[in-house]
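Structure first, then comments.
The values are calculated or read from the model by the stated rules, or taken from the named source; none is laboratory data. Just so you know, these numbers come straight off a predicted model, no measurement behind them. Virtual Cβ from ideal backbone geometry, glycine too; neighbours counted across all protein chains shown. Note: areas computed on protein heavy atoms with side chains; ligands, DNA, RNA excluded. Shrake-Rupley method; radii C 1.70, N 1.55, O 1.52, S 1.80 Å.
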Amino acid sequence: MRIAVDARTLGSRPSGVGMYLNDFLLELIKYPEFEWILLTDVAQSDNIKHFEEQGIRVLKMGKQVYRSAGVYNYFTWIKLVLDEIKPDIFWEVNTNIPIRPKGNFKVMITIHDMFPIDYVEYFGKIYSIYFKHYLKKTLKFTDMILYNSEQTRKTTERIFPEARKIACCNGYIISNPLKKKPVIKDEGYFLYVGNMEKRKGVDLLLKSYVRYKEKGGKKPLILAGKMQEDDIADLLKETKRKVDGITYLNYVKPAKKEELYSKCSCYLFPSKAEGFGMPVLELMKFNKPIIVSNLPIFDEIVGDCVNRFELNTTEKGQIENLSDAMLDYNSMVDSREYKKVLARYSPDKLGLVVSEFIEICTGMVKITDTRK
């Protein structure tokens, strides 16, 4: 079976969606029944180069795509390429397909969240309208949906009832085991690694850190990740003028990220809207205390083995709650519970779930197969 994948999110400096694809591909290329072809604007990242080295065909448009007209040009190119290679499945990992591809193949999409619709304040009205319009169009010719959580499925079907009629599967994000056992230390700092944006609660984190220091807190704070919003950059500068102890490292490569994980005292993840929350699982591999907001997704993903703070209040209340949690978090980690959580997201388990979903939806195997 030939499967073409839109791998643009893997082409250069991959983050959330790109790494989601990367981790599933690493597992799914082990299945000999699947032939993979990756479509991308450019192939600059080590990740996508690795697949080329493994013999996976990578087709490149040759020009890096950002937003607006470039996206339409990119999908025009994809449409032409799909017509040439004639896959059995086209997998759009980034949810929306603005230009409908033509051909005798099934379309599979991954839906990560409904945030552009449910949290317009973080994305803007124009993008919210764009997202809703094109997802409604995309669903009309979609044959299969991968959701990254049960919460995402329920939210999608609430907003788009037509999605209930499309074959679906909860393909949770893969949590890969560490390649080598890390040296765990506690060098006495709080850590946040992720996109620097309001949706991730970075504004709340910076304001709470000021309050934490006012209450007598001593730990420094290290932040790392792509700066996504100008007002967060401005707030960071302002906060650094107010208090000492903040270090911002910008985007860090995986090796540096793991080093930061291994040496922190506690990881902070104050997200205000989250489709999954991969960094929480990453930190569990290092047996580190974790503080998260009380979003329902964390009930589904990790249960009650992490520290929580209340988000359902005013901004002032959120700041007080997070700063209090920073001062008085439970530093004792339940290693057994961490291992149980991580086992649910192992590569072999989720790779099998998705491969069987594809096989069933394309008729390669029957639902009554003994493996089901």
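To keep it simple, each residue is scored yes or no on (1) over 29 Å from residue 276 (Cα atoms); (2) modelled with pLDDT of 95 or more; (3) of a type in the set (Asp, Glu).
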{"residue": "72", "(1), (2), (3)": "no, no, no"}
{"residue": "87", "(1), (2), (3)": "yes, yes, no"}
{"residue": "90", "(1), (2), (3)": "no, yes, no"}
{"residue": "94", "(1), (2), (3)": "no, no, no"}
{"residue": "103", "(1), (2), (3)": "yes, no, no"}
{"residue": "109", "(1), (2), (3)": "no, yes, no"}
(request) Go through the stretch 47-75 and count every residue that is part of a loop (DSSP other than H, G, I, E, B) and open to solvent by less than 20 Å² (accessible area, probe 1.4 Å). (result) 1
(message) Test of understanding: among 335, 331, 323, which residue is farther than 27 Å from residue 108 by Cα, touching a Ser or Thr at 6+ places or on another chain (Cβ under 7 Å) and among the small types (Gly, Ala, Ser)?
(response) 323
(message) For the stretch 241-258, which positions are open to solvent by 60 Å² or more (accessible area, probe 1.4 Å), among the hydrophobic types (A, V, I, L, M, F, W, C) and over 12 Å from residue 191 (Cβ atoms)?
(response) 255
(request) Could you check, for the stretch 88-100, whether at least one of its residues is within 23 Å of residue 299 (Cα to Cα) and free of Cβ contacts under 8 Å to residues at least 40 places away in the same chain? (result) no
(request) For the stretch 158-174, state whether one or more residues are of a type in the set (Asp, Glu), under 22 Å from residue 360 (Cα atoms) and open to solvent by 40 Å² or more (accessible area, probe 1.4 Å). (result) yes
(request) Check 78, 97 and return the single one that is of a type in the set (A, V, I, L, M, F, W, C), buried (at least 19 other Cβ atoms within 10 Å of the Cβ) and more than 16 Å from residue 2 (Cα to Cα). (result) 97
(message) Could you tell me how many of the residues in the stretch 140-151 are modelled with pLDDT of 95 or more and not charged (D, E, K, R)?
(response) 6
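Conditions tested, residue by residue: (1) open to solvent by 10 Å² or more (accessible area, probe 1.4 Å); (2) part of a loop (DSSP other than H, G, I, E, B); (3) out of contact with any helix residue (DSSP H, G or I) (no Cβ under 9 Å at 6 or more places or on another chain).
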site: 287; (1), (2), (3): yes, yes, no
site: 313; (1), (2), (3): yes, yes, no
site: 320; (1), (2), (3): yes, no, no
site: 339; (1), (2), (3): yes, no, no
site: 351; (1), (2), (3): no, no, no
site: 356; (1), (2), (3): yes, no, yes
site: 359; (1), (2), (3): no, no, yes
(request) Could you please let me know if residue 271 is out of contact with any helix residue (DSSP H, G or I) (no Cβ under 8 Å at 6 or more places or on another chain) and either open to solvent by less than 30 Å² (accessible area, probe 1.4 Å) or on the phi > 0 side of the Ramachandran plot (or both)? (result) no
(request) Report yes if residue 91 is within 30 Å of residue 344 (Cα to Cα), open to solvent by less than 70 Å² (accessible area, probe 1.4 Å) and either part of a helix (DSSP H, G or I) or among the aromatic types (Phe, Trp, Tyr) (or both), otherwise no. (result) yes
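Rundown of residues vs (1) open to solvent by 50 Å² or more (accessible area, probe 1.4 Å); (2) more than 23 Å from the chain's Cα centre (by Cα); (3) modelled with pLDDT under 95, yes/no style:
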residue	(1), (2), (3)
290	no, no, no
296	yes, no, yes
300	yes, no, yes
303	no, no, yes
307	no, no, no
(request) Please determine, by comparing only the residues of the stretch 116-146 that are under 29 Å from residue 356 (Cβ atoms) and surrounded by 17 or more Cβ atoms within 10 Å (Cβ to Cβ), which one is nearest to the chain's Cα centre (by Cα). (result) 146
(request) May I ask you to list pairs of residues, at least six apart or on different chains, whose Cβ atoms are under 7 Å apart, with the first in the stretch 306-324 being closer than 16 Å to residue 198 by Cα and the second being open to solvent by 50 Å² or more (accessible area, probe 1.4 Å) and at pLDDT 95 or above? (result) 319/207; 319/211
(request) Can you give me the number of residues within the stretch 21-46 that are part of a helix (DSSP H, G or I) and buried (at least 18 other Cβ atoms within 10 Å of the Cβ)? (result) 7
(request) Could you tell me whether the stretch 222-233 includes any residue that is assigned to a loop (DSSP other than H, G, I, E, B), open to solvent by 10 Å² or more (accessible area, probe 1.4 Å) and over 26 Å from residue 298 (Cβ atoms)? (result) no
(request) Give the residue, chosen from 209, 248, that is among the hydroxyl-bearing types (Ser, Thr, Tyr) and in contact (Cβ under 8 Å) with a residue 60 or more places away in the chain. (result) 209
(message) I'm checking my understanding of the structure. Among residues of the stretch 289-311 that are assigned to a loop (DSSP other than H, G, I, E, B) and of a type in the set (D, E, K, R), which one is farthest from residue 22 (Cα to Cα)?
(response) 310
